[in-house]
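Peer 1: Once you've had a glance at the structure underneath, I'll fire off some questions.
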Amino acid sequence: MTTLFLMVGLPGAGKTTEARRLAAEHGALRLTPDDWMLPLFGTAEADGKRDVLEGRLLWLALEAVRLGTDVVVDYGCWSRDERSAIRWLVEAEGACFRMVYLPVDDTTQRARIAHRWATSPAETFPMTEADIRHGRAHFEEPDAAELEGREPVGPPPGSTDWRRWAAHRWPSFA
Ligand SMILES: Nc1ncnc2c1ncn2[C@@H]1O[C@H](COP(=O)(O)OP(=O)(O)O)[C@@H](O)[C@H]1O
Ligand SMILES: [Mg+2]
């Protein structure tokens, strides 16, 4: 069955490293927004362009799934709603959704961010103390039920379905 893997975790958790491994193992298409943001715009975030980019990459991911190609979506996905939306969209295609959550403690995270900056500065961007703290404060850690997909979640109040929610969250998805 065609599978979409969704990487979840804070910066420095090791998502892209594991995404590369999964892509090689499964012959999957890896979609890492940083691989596009940096060459296109020279920065990790530019006036909301990251959300626009992610929308088109999500659209591409679902196209690939329809063609029978496994995909690794390497977004981080800090919010539960983002993850629920992508799970719903993938399952609506009759494909298999697999969340890959990589927890990371603060010390390890900082060491890995420093290691990445020292070893591959061209593929990354400097992270500030504020960025790291912002991530910790806003990351919604998936619980066991979410990881196992035991509790299907409906769209948030005010949204009729996940497809519409996704088009609002990621302009250019629709
Ligand atoms: N399991 C691991 N053990 C040790 N170092 C790792 C591990 N996974 C990734 N790294 C290193 O940590 C840094 C950040 O990894 P990366 O995959 O870029 O994280 P993310 O994509 O989650 O921000 C990289 O320098 C990478 O080589
Ligand atoms: Mg990464």
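Peer 1: Determine how large the accessible area of Phe41 is when every protein chain is in place; take a 1.4 Å probe and give Å² rounded to the nearest 10.
Peer 2: Probe radius 1.4 Å; accessible area of Phe41 about 90 Å².
Peer 1: Tell me the per residue accessible area of the chain using a 1.4 Å probe; a whole number in Å² is fine.
Peer 2: Details: 9110 Å² over 174 residues.
Accessible area per residue, the chain: 52 Å².
Peer 1: Sticking with this structure for a sec: Taking all protein chains as present, what is the carbon and sulfur share of the accessible area of segment 3-168, in % to the nearest whole number, probe 1.4 Å? It would help to have the intermediate numbers written out before the result.
Peer 2: On the way: 4670 of 8630 Å².
That fraction is 54 percent.
Peer 1: What 222 nm value per residue comes from the helices of the chain, counting each DSSP H run with n ≥ 4 as -39,500 (n - 2.57) and dividing by all residues, nearest 500 deg cm²/dmol?
Peer 2: Rounded to the nearest 500, the figure is -15500 deg cm²/dmol.
Peer 1: Residues with amide H under 5 Å of Tyr75's amide H, sequence separation 5 or more or different chain, H placed in the peptide plane at 1.01 Å from N; which?
Peer 2: Residues meeting the amide H criterion: Met7.
Peer 1: Using the Kirkwood radius built from alpha carbon pairs, what does the Stokes-Einstein equation give as D for the chain at 20 °C and 1.002 mPa s, in µm² per second? Walk me through the numbers on the way to the answer.
Peer 2: Details: Rh = 16.7 Å.
D = 129 µm²/s.
Peer 1: Select from Ala64, Thr3, Ala46 the residue farthest towards the positive end of the dipole of segment 1-97; place +1 on Cβ of Lys and Arg, -1 on Cβ of Asp and Glu, and compute about the Cα centre.
Peer 2: Thr3
Peer 1: Where does helix 15-26 land angle-wise versus the long Cα axis of the chain, in degrees 0 to 90, nearest 10?
Peer 2: That helix lies at roughly 50 degrees to the long axis.
Peer 1: Calculated FRET efficiency, Arg150 and His26, Cβ-Cβ r, R0 41 Å, to nearest 0.05?
Peer 2: Working: r = 24 Å, r/R0 = 0.59.
It comes out at approximately 0.95.
Peer 1: For helix 49-66, report the angle its Cα long axis makes with the longest principal axis of the Cα atoms of the chain; keep it between 0 and 90° and round to the nearest 10°.
Peer 2: It is inclined by approximately 50 degrees.
The values are calculated or read from the model by the stated rules, or taken from the named source; none is laboratory data. Every value quoted in this text rests on a predicted model; they were computed, and no experiment measured them. When we count neighbours, we look across all protein chains shown, and the Cβ atoms used for this are built from the backbone with ideal geometry, even at glycine. Heads up: the accessible areas ignore ligands, DNA and RNA and are worked out on the full protein's heavy atoms, side chains in. Shrake-Rupley method; radii C 1.70, N 1.55, O 1.52, S 1.80 Å.
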